[in-house]
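J.: Sending over a structure as C-alpha coordinates; questions will come in a sec.
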Amino acid sequence: MKNLSVNQGEGFFSEPHYITWIKVVAYTFIIVTSLVGNGLIMAIVYKNYNHHMKTPNNFFVVNTAVADILITVSSSTEAVITLAVSNWLIQGTVGHALCKLKSVVMVLSALVSTQSLATMAVDRFIVVFFPLRRIITRPVAYGIIAIIWLTSLVFTVPMIFSAIVQDIKGTSICYLTFWSSKSVESYFVAIFVLFTCVPLVIQGVLYTAVMLKLCLRETPGNELHIPNHHHYHTEKMNRRIIGMLVAIVVLFAVCWFPIWIESMICFQNSDSFCQSTHIYFIVWFLAYSKSAINPCIYFIFNETFRHGASTLWAKIIRGRSRGRCGIARRHNRVTALQNRTAGDNTHTTT
(Lines give C-alpha, C1' and ligand atoms only; values in the text may rest on other atoms or scores of the structure.)
Protein backbone atom coordinates (compact mmCIF):
# COMPACT_ATOMS: atom_id res chain seq x y z
CA MET A 1 0.00 0.00 0.00
CA LYS A 2 2.94 2.29 0.57
CA ASN A 3 4.20 1.76 -2.99
CA LEU A 4 0.73 2.39 -4.32
CA SER A 5 0.50 5.77 -2.64
CA VAL A 6 3.86 6.90 -3.94
CA ASN A 7 2.91 5.93 -7.46
CA GLN A 8 -0.28 7.85 -7.02
CA GLY A 9 1.70 10.99 -6.23
CA GLU A 10 3.89 10.49 -9.30
CA GLY A 11 1.19 10.21 -11.92
CA PHE A 12 -2.19 10.65 -10.37
CA PHE A 13 -2.91 14.10 -11.85
CA SER A 14 -1.39 13.57 -15.30
CA GLU A 15 -4.72 12.59 -16.92
CA PRO A 16 -6.87 14.88 -19.13
CA HIS A 17 -8.96 17.46 -17.28
CA TYR A 18 -12.28 16.10 -18.55
CA ILE A 19 -11.47 12.67 -17.06
CA THR A 20 -10.71 14.31 -13.73
CA TRP A 21 -14.01 16.19 -13.73
CA ILE A 22 -15.95 13.06 -14.65
CA LYS A 23 -14.47 11.47 -11.54
CA VAL A 24 -15.35 14.54 -9.49
CA VAL A 25 -18.98 14.38 -10.66
CA ALA A 26 -19.13 10.65 -9.89
CA TYR A 27 -17.77 11.17 -6.37
CA THR A 28 -20.13 14.10 -5.81
CA PHE A 29 -23.12 11.94 -6.77
CA ILE A 30 -22.00 9.33 -4.24
CA ILE A 31 -21.59 11.95 -1.52
CA VAL A 32 -25.06 13.45 -2.04
CA THR A 33 -26.78 10.05 -2.29
CA SER A 34 -24.99 8.74 0.79
CA LEU A 35 -25.74 11.78 2.95
CA VAL A 36 -29.41 11.90 1.96
CA GLY A 37 -30.01 8.14 2.14
CA ASN A 38 -28.19 7.46 5.41
CA GLY A 39 -29.60 10.65 6.91
CA LEU A 40 -33.11 9.43 6.11
CA ILE A 41 -32.38 6.03 7.68
CA MET A 42 -31.23 7.67 10.90
CA ALA A 43 -34.14 10.14 10.97
CA ILE A 44 -36.76 7.41 10.38
CA VAL A 45 -35.49 5.32 13.28
CA TYR A 46 -35.07 8.38 15.52
CA LYS A 47 -38.61 9.62 14.79
CA ASN A 48 -39.81 6.07 15.49
CA TYR A 49 -42.19 5.89 12.54
CA ASN A 50 -45.17 3.55 13.31
CA HIS A 51 -43.75 3.15 16.87
CA HIS A 52 -41.91 -0.05 15.91
CA MET A 53 -38.64 1.30 14.51
CA LYS A 54 -36.54 1.36 17.68
CA THR A 55 -35.60 -2.31 17.58
CA PRO A 56 -32.13 -3.82 18.21
CA ASN A 57 -31.78 -4.74 14.54
CA ASN A 58 -32.59 -1.19 13.45
CA PHE A 59 -30.04 0.15 15.94
CA PHE A 60 -27.40 -1.87 14.10
CA VAL A 61 -28.75 -0.47 10.82
CA VAL A 62 -28.31 3.05 12.19
CA ASN A 63 -24.82 2.09 13.32
CA THR A 64 -23.84 1.18 9.75
CA ALA A 65 -25.49 4.40 8.53
CA VAL A 66 -23.33 6.44 10.94
CA ALA A 67 -20.21 4.63 9.69
CA ASP A 68 -21.22 5.27 6.07
CA ILE A 69 -21.74 8.98 6.74
CA LEU A 70 -18.35 9.20 8.43
CA ILE A 71 -16.52 7.64 5.51
CA THR A 72 -18.50 9.83 3.09
CA VAL A 73 -17.68 13.08 4.91
CA SER A 74 -14.02 12.22 5.46
CA SER A 75 -12.77 10.10 2.57
CA SER A 76 -15.20 10.71 -0.31
CA THR A 77 -15.17 14.47 0.23
CA GLU A 78 -11.37 14.44 0.49
CA ALA A 79 -11.17 12.53 -2.81
CA VAL A 80 -13.28 15.19 -4.55
CA ILE A 81 -11.23 18.08 -3.16
CA THR A 82 -7.91 16.41 -3.99
CA LEU A 83 -9.03 15.71 -7.55
CA ALA A 84 -10.36 19.25 -8.00
CA VAL A 85 -7.27 21.11 -6.73
CA SER A 86 -4.69 18.44 -7.70
CA ASN A 87 -3.09 18.62 -4.26
CA TRP A 88 -3.62 17.96 -0.57
CA LEU A 89 -5.61 21.07 0.34
CA ILE A 90 -4.10 22.03 3.72
CA GLN A 91 -0.39 22.06 4.61
CA GLY A 92 1.41 22.19 7.93
CA THR A 93 0.30 20.77 11.27
CA VAL A 94 -3.40 21.07 10.45
CA GLY A 95 -2.89 19.25 7.16
CA HIS A 96 -1.07 16.38 8.88
CA ALA A 97 -3.80 16.16 11.53
CA LEU A 98 -6.53 16.04 8.87
CA CYS A 99 -4.59 13.37 6.97
CA LYS A 100 -4.39 11.20 10.08
CA LEU A 101 -8.07 11.81 10.87
CA LYS A 102 -9.13 10.89 7.34
CA SER A 103 -7.12 7.65 7.41
CA VAL A 104 -8.43 6.67 10.85
CA VAL A 105 -12.06 7.36 9.94
CA MET A 106 -11.76 5.42 6.69
CA VAL A 107 -10.55 2.22 8.38
CA LEU A 108 -12.78 2.77 11.43
CA SER A 109 -15.91 3.01 9.29
CA ALA A 110 -15.08 -0.18 7.41
CA LEU A 111 -14.47 -2.12 10.64
CA VAL A 112 -17.68 -0.83 12.23
CA SER A 113 -19.68 -1.83 9.15
CA THR A 114 -18.37 -5.40 9.05
CA GLN A 115 -18.98 -5.95 12.76
CA SER A 116 -22.46 -4.44 12.58
CA LEU A 117 -23.38 -6.68 9.63
CA ALA A 118 -22.15 -9.75 11.50
CA THR A 119 -24.16 -8.72 14.58
CA MET A 120 -27.29 -8.32 12.46
CA ALA A 121 -26.76 -11.86 11.16
CA VAL A 122 -26.54 -13.17 14.74
CA ASP A 123 -29.68 -11.23 15.70
CA ARG A 124 -31.65 -12.64 12.75
CA PHE A 125 -30.41 -16.16 13.55
CA ILE A 126 -31.68 -15.84 17.13
CA VAL A 127 -35.05 -14.45 16.00
CA VAL A 128 -35.65 -17.36 13.60
CA PHE A 129 -34.25 -20.23 15.68
CA PHE A 130 -35.33 -18.97 19.12
CA PRO A 131 -38.43 -16.83 18.45
CA LEU A 132 -39.57 -16.88 22.09
CA ARG A 133 -36.26 -15.65 23.48
CA ARG A 134 -35.24 -12.02 23.49
CA ILE A 135 -31.49 -12.29 23.87
CA ILE A 136 -30.45 -9.08 22.09
CA THR A 137 -32.57 -6.46 23.84
CA ARG A 138 -32.14 -2.69 23.61
CA PRO A 139 -29.58 -2.48 26.47
CA VAL A 140 -27.67 -5.43 25.00
CA ALA A 141 -27.71 -3.76 21.57
CA TYR A 142 -26.33 -0.53 23.06
CA GLY A 143 -23.54 -2.52 24.73
CA ILE A 144 -22.70 -4.39 21.52
CA ILE A 145 -22.53 -1.12 19.57
CA ALA A 146 -20.19 0.36 22.18
CA ILE A 147 -17.94 -2.73 21.95
CA ILE A 148 -17.95 -2.52 18.14
CA TRP A 149 -16.71 1.08 18.18
CA LEU A 150 -14.17 0.38 20.93
CA THR A 151 -12.59 -2.60 19.16
CA SER A 152 -12.58 -0.72 15.87
CA LEU A 153 -10.82 2.24 17.47
CA VAL A 154 -8.18 -0.03 19.00
CA PHE A 155 -7.34 -1.56 15.62
CA THR A 156 -7.16 1.83 13.89
CA VAL A 157 -4.56 3.29 16.30
CA PRO A 158 -1.64 2.42 13.94
CA MET A 159 -3.19 4.73 11.33
CA ILE A 160 -2.51 7.71 13.61
CA PHE A 161 1.23 7.08 13.48
CA SER A 162 1.46 6.02 9.85
CA ALA A 163 -0.61 8.59 7.91
CA ILE A 164 1.42 11.61 6.79
CA VAL A 165 1.35 14.40 4.21
CA GLN A 166 4.45 14.41 2.03
CA ASP A 167 5.54 16.31 -1.04
CA ILE A 168 6.38 13.93 -3.90
CA LYS A 169 7.55 15.49 -7.15
CA GLY A 170 5.77 18.77 -6.44
CA THR A 171 2.50 17.21 -5.29
CA SER A 172 1.45 16.97 -1.65
CA ILE A 173 -0.40 13.75 -0.88
CA CYS A 174 -1.73 11.96 2.20
CA TYR A 175 -0.50 8.40 2.31
CA LEU A 176 0.55 5.63 4.69
CA THR A 177 4.15 5.05 5.69
CA PHE A 178 5.27 2.24 8.00
CA TRP A 179 8.46 1.39 9.83
CA SER A 180 8.96 -1.76 7.75
CA SER A 181 7.19 -3.66 5.02
CA LYS A 182 6.69 -6.55 7.44
CA SER A 183 4.79 -4.39 9.91
CA VAL A 184 2.34 -3.02 7.35
CA GLU A 185 1.86 -6.46 5.84
CA SER A 186 1.05 -8.02 9.22
CA TYR A 187 -1.27 -5.17 10.15
CA PHE A 188 -3.37 -5.23 7.01
CA VAL A 189 -3.48 -9.03 6.86
CA ALA A 190 -4.77 -9.06 10.45
CA ILE A 191 -7.39 -6.42 9.64
CA PHE A 192 -8.46 -8.27 6.50
CA VAL A 193 -8.79 -11.66 8.21
CA LEU A 194 -10.37 -10.54 11.50
CA PHE A 195 -12.71 -7.83 10.23
CA THR A 196 -13.52 -8.88 6.67
CA CYS A 197 -13.09 -12.61 6.14
CA VAL A 198 -14.28 -13.82 9.55
CA PRO A 199 -17.46 -11.64 9.62
CA LEU A 200 -18.32 -12.66 6.04
CA VAL A 201 -17.91 -16.36 6.91
CA ILE A 202 -20.07 -15.92 10.02
CA GLN A 203 -22.77 -14.20 8.00
CA GLY A 204 -22.65 -16.82 5.25
CA VAL A 205 -23.06 -19.69 7.73
CA LEU A 206 -25.82 -18.02 9.75
CA TYR A 207 -27.85 -16.81 6.78
CA THR A 208 -27.60 -20.22 5.12
CA ALA A 209 -28.91 -21.84 8.31
CA VAL A 210 -31.72 -19.29 8.59
CA MET A 211 -32.83 -19.73 4.97
CA LEU A 212 -32.81 -23.52 5.34
CA LYS A 213 -34.88 -23.18 8.51
CA LEU A 214 -37.43 -20.93 6.82
CA CYS A 215 -37.70 -23.17 3.76
CA LEU A 216 -37.90 -26.53 5.53
CA ARG A 217 -40.04 -25.94 8.57
CA GLU A 218 -43.77 -26.59 8.25
CA THR A 219 -46.26 -23.92 9.07
CA PRO A 220 -48.37 -24.85 12.15
CA GLY A 221 -51.96 -25.61 11.13
CA ASN A 222 -51.08 -27.03 7.73
CA GLU A 223 -51.84 -30.53 8.97
CA LEU A 224 -55.48 -29.50 9.46
CA HIS A 225 -55.46 -27.20 6.42
CA ILE A 226 -56.11 -24.24 8.72
CA PRO A 227 -54.28 -21.10 7.56
CA ASN A 228 -52.19 -19.39 10.18
CA HIS A 229 -52.17 -15.80 8.95
CA HIS A 230 -49.99 -14.41 11.73
CA HIS A 231 -47.36 -17.08 11.18
CA TYR A 232 -47.49 -16.52 7.42
CA HIS A 233 -46.96 -12.79 7.90
CA THR A 234 -44.01 -13.43 10.24
CA GLU A 235 -42.41 -15.87 7.80
CA LYS A 236 -42.86 -13.43 4.92
CA MET A 237 -41.33 -10.60 6.93
CA ASN A 238 -38.37 -12.77 7.96
CA ARG A 239 -37.70 -13.74 4.34
CA ARG A 240 -37.72 -10.10 3.26
CA ILE A 241 -35.37 -9.10 6.05
CA ILE A 242 -33.01 -11.99 5.28
CA GLY A 243 -33.06 -11.07 1.58
CA MET A 244 -32.25 -7.47 2.45
CA LEU A 245 -29.38 -8.40 4.77
CA VAL A 246 -27.91 -10.89 2.29
CA ALA A 247 -28.01 -8.17 -0.38
CA ILE A 248 -26.14 -5.82 1.98
CA VAL A 249 -23.50 -8.48 2.70
CA VAL A 250 -23.02 -9.14 -1.02
CA LEU A 251 -22.78 -5.39 -1.63
CA PHE A 252 -20.07 -5.05 1.02
CA ALA A 253 -18.07 -7.93 -0.47
CA VAL A 254 -18.36 -6.59 -4.03
CA CYS A 255 -17.41 -3.04 -3.01
CA TRP A 256 -14.58 -3.72 -0.56
CA PHE A 257 -12.91 -6.93 -1.78
CA PRO A 258 -11.40 -5.27 -4.90
CA ILE A 259 -9.54 -2.70 -2.83
CA TRP A 260 -8.17 -5.38 -0.50
CA ILE A 261 -7.07 -7.52 -3.44
CA GLU A 262 -5.50 -4.57 -5.27
CA SER A 263 -3.65 -3.47 -2.13
CA MET A 264 -2.24 -6.94 -1.52
CA ILE A 265 -1.17 -7.33 -5.15
CA CYS A 266 0.48 -3.91 -5.23
CA PHE A 267 2.06 -4.02 -1.79
CA GLN A 268 5.40 -5.36 -3.07
CA ASN A 269 4.88 -4.69 -6.78
CA SER A 270 5.05 -1.56 -8.91
CA ASP A 271 3.98 -2.85 -12.31
CA SER A 272 1.70 -1.04 -14.75
CA PHE A 273 -1.40 -2.50 -13.08
CA CYS A 274 -0.51 -0.91 -9.75
CA GLN A 275 0.44 2.41 -11.36
CA SER A 276 -2.83 2.73 -13.27
CA THR A 277 -4.82 5.75 -12.06
CA HIS A 278 -7.97 4.20 -13.55
CA ILE A 279 -7.58 1.01 -11.51
CA TYR A 280 -6.95 3.14 -8.43
CA PHE A 281 -10.10 5.17 -9.10
CA ILE A 282 -12.28 2.09 -9.76
CA VAL A 283 -11.36 0.24 -6.56
CA TRP A 284 -11.80 3.31 -4.36
CA PHE A 285 -14.95 4.39 -6.16
CA LEU A 286 -16.44 0.94 -5.48
CA ALA A 287 -15.48 1.18 -1.81
CA TYR A 288 -17.03 4.63 -1.42
CA SER A 289 -20.14 3.73 -3.44
CA LYS A 290 -21.10 1.14 -0.81
CA SER A 291 -22.10 4.04 1.48
CA ALA A 292 -24.51 5.36 -1.16
CA ILE A 293 -26.01 2.03 -2.28
CA ASN A 294 -26.51 0.66 1.23
CA PRO A 295 -29.49 2.88 2.20
CA CYS A 296 -31.04 2.27 -1.22
CA ILE A 297 -31.18 -1.45 -0.42
CA TYR A 298 -33.04 -0.72 2.82
CA PHE A 299 -35.63 1.32 0.95
CA ILE A 300 -36.01 -1.31 -1.80
CA PHE A 301 -36.49 -4.30 0.51
CA ASN A 302 -38.13 -2.72 3.56
CA GLU A 303 -41.61 -1.29 3.14
CA THR A 304 -41.51 0.32 6.59
CA PHE A 305 -38.48 2.40 5.66
CA ARG A 306 -40.19 3.46 2.42
CA HIS A 307 -43.32 4.58 4.26
CA GLY A 308 -41.19 6.31 6.87
CA ALA A 309 -39.27 8.20 4.18
CA SER A 310 -42.47 9.30 2.41
CA THR A 311 -43.99 10.40 5.73
CA LEU A 312 -40.87 12.34 6.64
CA TRP A 313 -40.75 14.10 3.27
CA ALA A 314 -44.46 14.90 3.56
CA LYS A 315 -43.88 16.53 6.96
CA ILE A 316 -40.98 18.54 5.58
CA ILE A 317 -43.08 19.75 2.63
CA ARG A 318 -46.02 20.61 4.91
CA GLY A 319 -43.67 22.47 7.23
CA ARG A 320 -42.35 24.55 4.35
CA SER A 321 -45.88 25.23 3.12
CA ARG A 322 -46.92 26.35 6.60
CA GLY A 323 -43.85 28.55 6.76
CA ARG A 324 -44.72 30.20 3.46
CA CYS A 325 -48.34 30.64 4.55
CA GLY A 326 -47.21 32.20 7.85
CA ILE A 327 -44.93 34.62 6.01
CA ALA A 328 -47.77 35.51 3.61
CA ARG A 329 -50.18 36.09 6.53
CA ARG A 330 -47.69 38.29 8.33
CA HIS A 331 -47.07 40.23 5.10
CA ASN A 332 -50.81 40.72 4.61
CA ARG A 333 -51.22 41.95 8.19
CA VAL A 334 -48.36 44.40 7.79
CA THR A 335 -49.79 45.62 4.47
CA ALA A 336 -53.25 46.05 5.99
CA LEU A 337 -51.78 47.94 8.94
CA GLN A 338 -49.81 50.19 6.62
CA ASN A 339 -52.91 50.90 4.51
CA ARG A 340 -54.92 51.67 7.64
CA THR A 341 -52.22 54.01 8.93
CA ALA A 342 -52.04 55.75 5.56
CA GLY A 343 -55.83 56.17 5.56
CA ASP A 344 -55.79 57.65 9.06
CA ASN A 345 -53.06 60.08 8.09
CA THR A 346 -55.04 61.18 5.02
CA HIS A 347 -58.17 61.68 7.11
CA THR A 348 -56.27 63.75 9.71
CA THR A 349 -54.72 65.93 7.02
CA THR A 350 -58.11 66.56 5.47
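J.: Could you give the nm distance between label points at PHE155 and HIS278, where each point is 7 Å from its Cα heading toward the beta carbon?
T.: 3.4 nm
J.: Can I ask one more? Would you work out what percent of the accessible area of segment 83-154, with all protein chains in place, is carbon or sulfur (probe 1.4 Å)?
T.: The C+S portion of the solvent-accessible surface of segment 83-154 is 73 percent.
J.: What is the spin-label model distance, in nm, from CYS197 to LYS315 if the labels are put 7 Å beyond Cα along the C-beta direction?
T.: Reported label-point gap for CYS197 and LYS315 is 4.6 nm.
J.: Cα gyration tensor of segment 79-180, axes a ≥ b ≥ c as square roots of the eigenvalues: rounded (a/c below 1.5), prolate (a/b > b/c) or oblate?
T.: prolate
J.: Put a dot 7 Å past each Cα toward the Cβ at SER186 and ILE19; how far apart are the dots in nm?
T.: Between ILE19 and SER186, the label points sit 3.9 nm apart.
J.: A follow-up question, please. Taking the Cβ of THR77 as the center, what net charge do the other residues with Cβ under 14 Å away carry, scoring Lys and Arg +1 and Asp and Glu -1?
T.: 0
The values are calculated or read from the model by the stated rules, or taken from the named source; none is laboratory data. Given the structure is predicted, the values throughout are model-derived calculations rather than measurements. As a convention, Cβ positions derive from the backbone with ideal geometry for all residues, glycine included, and neighbour counts pool all protein chains shown. For the accessible areas, the whole protein counts, side chains as well, though only heavy atoms, and no ligand, DNA or RNA atoms are used. Shrake-Rupley method; radii C 1.70, N 1.55, O 1.52, S 1.80 Å.
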